[in-house]
Amino acid sequence: MKDNQYYFDVNRKTWNKRVALHAKSDMYKMDSFKKGATSLMHYEIEALGDVQGKSLLHLQCHFGQDTLSWSRRGAKCTGIDISEEGIQLAIQLNSELNLDAEFICCNVYDVNNFIDKKFDIVFTSYGTIGWLPNLKPWAKVIASRLNSGGVFFMAEFHPIVWMFDYLEKPPKLRYGYNQEEVIYEEYSGTYADSENEIISKEYGWNHGLGEVISALTKEGLVIEYLKEHDESPYQVLPDLTKVEANKYVTKDKLYPLIFTLKVTKP
Ligand SMILES: C[S@@+](CC[C@H](N)C(=O)[O-])C[C@H]1O[C@@H](n2cnc3c(N)ncnc32)[C@H](O)[C@@H]1O
């Protein structure tokens, strides 16, 4: 039987291969990012407001564009990610852009072995918890790294979205809303560039909203809001219609595409 370490290693290798491709993809718009454009979406900008002078821990930061976008808004940022390539590029971008973020390569479950300071804000977004088999250790890390009065904000694809197998055409309803069993997918290309030739091998897990909320409240965190949105800022799924910049919808809007969640530590 394969264990979590095996799944994390396969995923880490896939993410390592993606970094260079994503960095030059249309989706990540590196040139305009380097010239000062933010990679953040309005959901997180509005939710966190003025971050000037606040400390911010970014979980699963990929190659750091969002972390560095928060730095440009005045936050003192630390980004973590399991991918060595991602962290290496994030560090390079940080120095090229003369910013002051720190980056640490580690599994989100192991953050407390690497970081002992506390933060005003913990942030994670778009494509993160699906890489984690269990949300309890994730929620423990969030609660333990927040200052009293601190805020955790996440923007994430809705669990309903992950019930479909998009390798089928048309996508097929295949996976459980709360599926404990691991899901394995192997395909060529990535969400940021379906034409590239890398083979993505990935292990993932579906977490329903009840599981997300219960993991966080069990750690003593208090829910400020949970919102479900019919639109997505990314065209990560097939057959979405672009209605404006950074806004994609399904044809019939039968189910939400993302959720946003804001939580505080008393
Ligand atoms: C979809 S990306 C994050 C999205 C981010 N908003 C972006 O597009 O820049 C998911 C990230 O999670 C990281 N990741 C996956 N499993 C992880 C784990 N167990 N611990 C830490 N990072 C992990 C991957 O390396 C990847 O960089």
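The values are calculated or read from the model by the stated rules, or taken from the named source; none is laboratory data. This is a predicted model, so every value here is computed, not measured. Don't worry about glycine lacking a Cβ; one is built from the backbone with ideal geometry, like all the others, and counts go over all protein chains shown.
Considering each residue of the stretch 14-60, count those that are more than 10 Å from the ligand (Cβ to nearest atom) and not hydroxyl-bearing (Ser, Thr, Tyr), and give that number. Lay out the reasoning, then the answer.
Taking the stretch 14-60 and keeping what is more than 10 Å from the ligand (Cβ to nearest atom), we get 17, 20-21, 23-26, 29-38, 42-43, 45-57.
Adding the requirement that they be not hydroxyl-bearing (Ser, Thr, Tyr) leaves 17, 20-21, 23-24, 26, 29-31, 33-37, 42, 45-54, 56-57.
Residues in the stretch 14-60 being more than 10 Å from the ligand (Cβ to nearest atom) and not hydroxyl-bearing (Ser, Thr, Tyr): 27 in total.
Kindly provide the set of residues from the stretch 106-125 that are farther than 20 Å from residue 75 by Cα and within 10 Å of the ligand (Cβ to nearest atom), ordered by number.
Of everything in the stretch 106-125, those that are farther than 20 Å from residue 75 by Cα and within 10 Å of the ligand (Cβ to nearest atom) turn out to be 106, 107, 108, 109, 110.
Please determine, by comparing only the residues of the stretch 61-95 that are surrounded by 23 or more Cβ atoms within 10 Å (Cβ to Cβ) and at positive phi, which one is farthest from the ligand (Cβ to nearest atom).
64
Taking residue 200 as meeting all but one of (1) assigned to a strand (DSSP E or B); (2) modelled with pLDDT of 95 or more; (3) surrounded by 14 or more Cβ atoms within 10 Å (Cβ to Cβ), write down the number of the exception.
(2)
Please go through (1) within 10 Å of the ligand (Cβ to nearest atom); (2) surrounded by fewer than 14 Cβ atoms within 10 Å (Cβ to Cβ) for residue 100 and return the number of the only condition it doesn't satisfy.
Answer for residue 100: the failing condition is (1).
Tell me the helices (runs of 4 or more DSSP H) entirely within the stretch 15-123 that contain at least 2 residues that are within 25 Å of residue 245 (Cα to Cα) and of a type in the set (Ser, Thr, Tyr).
Because the criterion is at least 2 residues that are within 25 Å of residue 245 (Cα to Cα) and of a type in the set (Ser, Thr, Tyr), the helices (runs of 4 or more DSSP H) in the stretch 15-123 that meet it are 65-72.
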